[in-house]
Structure formats: structure tokens, C-alpha cells
Amino acid sequence: MHKDFNFIYHLSHIDLDGYGCQYLTSKAFGDKIKFYNANYGGEVTTRLEEIYSDITKDKERDINLKPLILITDLNLTTKEGNALEKEAIKLGAKIVLLDHHSTGLNASERFAWYYLDTTKCATKITYAWLKEHFDFDKSSEYEAIVEAINAIDIWIEDSKYFEYGRVLLGMISGAREVNRVVFAKEDNEYKFALIDGAKEILNSTPLDEAPIELDEKLHFIKKNFFKVDKNDTKDNLIAKYITKILTKNKEAMSVTYKGYKGILTANTGNTSLIGNNFLVENSDFDFYMDVSSRGTFSLRSNNKVDVAKMAEEIGGGGGHPNASGGKIENFKDSFSYKKLREFVQNYLNEKEKSLNSSESNEEDESSNLLEDK
């Protein structure tokens, strides 16, 4: 790989250009890389903290680990750069930042590891970095897809790849079937598969026909990613795919309420299909709960617990015994699933405690009335 590092922790933006950078590094470094994604603001700090934590854990397992923190398509302030550099020194990690946003000019002048080029997109910058330092893509297999991403990201309308880039842009912005916070690894794999499929079409189709070809085949590219054994509707394939991930991670995603065990997802959608699939395949769980970023929630059960009553107790909601919804009071969203789960579990504990206290008081009042008589 490189004499200065042997494993990469790659943080990138959440648009086509951000995933384009990671698509290329996934091809260059195989299993020697881990991916993280963030929009701007607090999410960047959250993801960097995850990287610091992962490096610390990985160093405990491998004393020969030489980490590189790679950041693409995200600009940092000087303050953020100072904090990153301080942590990297403590962890013995190298840093490389590849970006094209002019708002990072001050930071780029301050740090030797901050590479800024405003003339091209981050994917094209990353491509050049990989070719220069790692002899990447000697056959130019990825050159056309890089040019298409570049054309749309910095809006080069007279580029011959511009129309194809427009389809790519919508392809990634519309790829919401796998929630990126709850299922980060799988979301990356999904978006890489989409870009890979688009690359194959671009390399094998006349350029004037390629945008239409991708537009027409995108549905099948998506279905092929989710298909495991036999074909089905796209919704059913997605539900089965998500259920498989949930089943694998169910203990780490579990929450409890009044002795009942449930699984918590966030902004996953398709609640009835996914919830029912999961509960049928996992009889040790009693309910399924999906929370939105606004604090509204959906509950599903398979005749194990009355979720209409549960929704009323925890969120002033209601519905049916096996399907209901409500809203969490003073909900606090998080970029971290771990922190979100902790918040929801604490909320459920407080609601259960409050309910038990209320029922206890009612029993005491009833007892006092009997004594008075």
C-alpha cells in the first residue's frame, strides 16, 4: 500500500462527488479501508470521533497498524483542522484531505496535508491522487465515470459527459432505500454498486445513448443489488435485505419496554413490510419500532404486545394492536445510531417508570378509600 500507512479511514461527503471519491478508493484499497460519510456541521465532528474511536480499538488488536485519515469533498475550518491534527498526532495517524471548495482556502494554507484544487471535483482530485501515488487504473477503466461526475459536480454544461452526469446525480440523491446512519456499511456498498453499474453502461454504450440507457436500466441495477436468490418486487427484495441486516445485528439494536423486547430502526420506512418480516423471522422479539428524525414513530407487532396501547403510553398515539404510531416528547435526533438508541431506551425507561408510579399511586388511593369505609 504505502510505507507511511497500511489502513485507511475514509470520510467523505454524502452527494455523488463524495461517494465517487469513496468508490475509487474502494477499488484501489479493497479490504484495507473503512468508510464514513457526513454532511457539514456537527456530523463531521461525530464521524471524526467515530474514526478516532475505531483507530484506538484497531490499534489494540494490531500493534503494527499505521492509519491514514483520508477526507474528501469536505472542507474544514482552521479550528477543525487543528483539532484533527492534534488527535492524529496522539493516534499516530497520517492525514490527507482532498477537496475543491474555496471556503477551505484558509485551512489549506495552514496545513501541509490539506490539498485544495477549485478547478475540478473531489472525485477527479482523488482519481489523480490514486494514479500518482498508487499506479491506479492503468487501463483507464474509471476515467469516463470520473469525467461524468466532474462535469455535473462543477457544472460543465459543454462537457460531452454532462447529460450522463445529470442521471448519475439523480441516481445517488434518490438512493434512499438503505438508511445511511443505521446501515452505514450497507449504504456505502449500495451506492458503490450503483456507480459501478453506471460505469459499466458508460464504458459499453455510445455516449449519446448512455444517459437514456442508464435511466432505463437503473431499476434493474437496484433490484440486482437487493436480490439474494429469487426475483421479487423491489419493495419485497428491500424488505428481505433489511431484515437480514437487522437479524444479524438484532442484539445491538434492541430496546425494551415493560418486559417486552423490540428492535429500533431510524428513518428506515416501509415499516409494515420490514417490521412484519423481521418479527416473523425473529420470534424472540415482540415489537418493531422505527423513529423519524422529527421524533414520530411507527410500531409493529405480531400478536405479542398491543402496540396501540404502547403507542398511547409512550407517545400519546394509538392505532391497532399490531400497528400503531405516535411521537416522542422532546425528541433529540442524532447522527450516531448508538446515541439515538441510548436516547430512545432512556425515554422508554422513564415512561415505564412514570406509568408504574402512577399505577402505584392509584392503588394506594384505592386502598385508602377502602380503609375509610
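Per-structure values
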{"quantity": "Which of Val307, Val96 is most accessible, then next, and so on - probe 1.4 Å", "calculated": "Val96, Val307"}
{"quantity": "Å² of accessible area per residue within region 108-195, as computed with a 1.4 Å probe and no ligands counted", "calculated": "47"}
{"quantity": "Signed unit charges on C-beta, dipole axis of the chain, positive-most listed residue Thr268, Val344, Thr243", "calculated": "Thr243"}
{"quantity": "Rounded percent of accessible protein surface that carbon and sulfur make up, the chain, 1.4 Å probe", "calculated": "47"}
{"quantity": "Lys59 paired with Thr233, simple spin-label distance in nm, labels 7 Å along Cα-to-beta-carbon", "calculated": "5.2"}
{"quantity": "Kirkwood-based shape ratio for region 160-210, expressed as Rg/Rh from alpha carbons", "calculated": "1.06"}
{"quantity": "Leading residue at positive end of dipole, the chain (Cβ point charges), from Ile328, Ser354, Leu74", "calculated": "Leu74"}
{"quantity": "Surface accessible to a 1.4 Å probe, Ile89 within the full protein complex, Å²", "calculated": "130"}
{"quantity": "Charge dipole magnitude, Cβ of K and R +1, D and E -1 - the chain, Cα centre, debye nearest 20", "calculated": "780"}
{"quantity": "Centre separation in Å (Cα based) which lies between region 34-77 and region 174-205", "calculated": "21"}
{"quantity": "Cα centre as origin, Lys/Arg/Asp/Glu Cβ charges: region 1-119 dipole, Debye", "calculated": "440"}
{"quantity": "Distance cut-off 16 Å, percentage of C-alpha pairs in region 191-284 lying past it", "calculated": "64"}
{"quantity": "Largest-first principal axis extents of the Cα set of region 123-253 (Å)", "calculated": "49, 35, 26"}
{"quantity": "Modelled FRET efficiency - R0 35 Å, Lys94 with Asn249, Cβ distances, 0.05 increments", "calculated": "0.65"}
{"quantity": "Tail fraction, Cα-Cα pairs, region 211-345, threshold 23 Å, whole percent", "calculated": "37"}
{"quantity": "Rg(Cα) / (2.2 N^0.38 Å) computed for region 1-145, rounded to two decimals", "calculated": "0.99"}
{"quantity": "Magnitude of the charge dipole, region 123-226, Cβ model with Lys/Arg +1 and Asp/Glu -1, debye to 20", "calculated": "420"}
{"quantity": "Candidate values (i) 24.5, 94; (ii) 20.7, 65; (iii) 21.2, 71, label of the one derived for Rg and Dmax of the Cα atoms in Å", "calculated": "(i)"}
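The values are calculated or read from the model by the stated rules, or taken from the named source; none is laboratory data. These figures come from a predicted structure and were not determined experimentally. Quick reminder, even Gly has a Cβ in these numbers, built from the backbone with ideal geometry, and neighbours come from all protein chains shown. Accessible surface areas use protein heavy atoms only, side chains included; no ligands, DNA or RNA. Shrake-Rupley method; radii C 1.70, N 1.55, O 1.52, S 1.80 Å.
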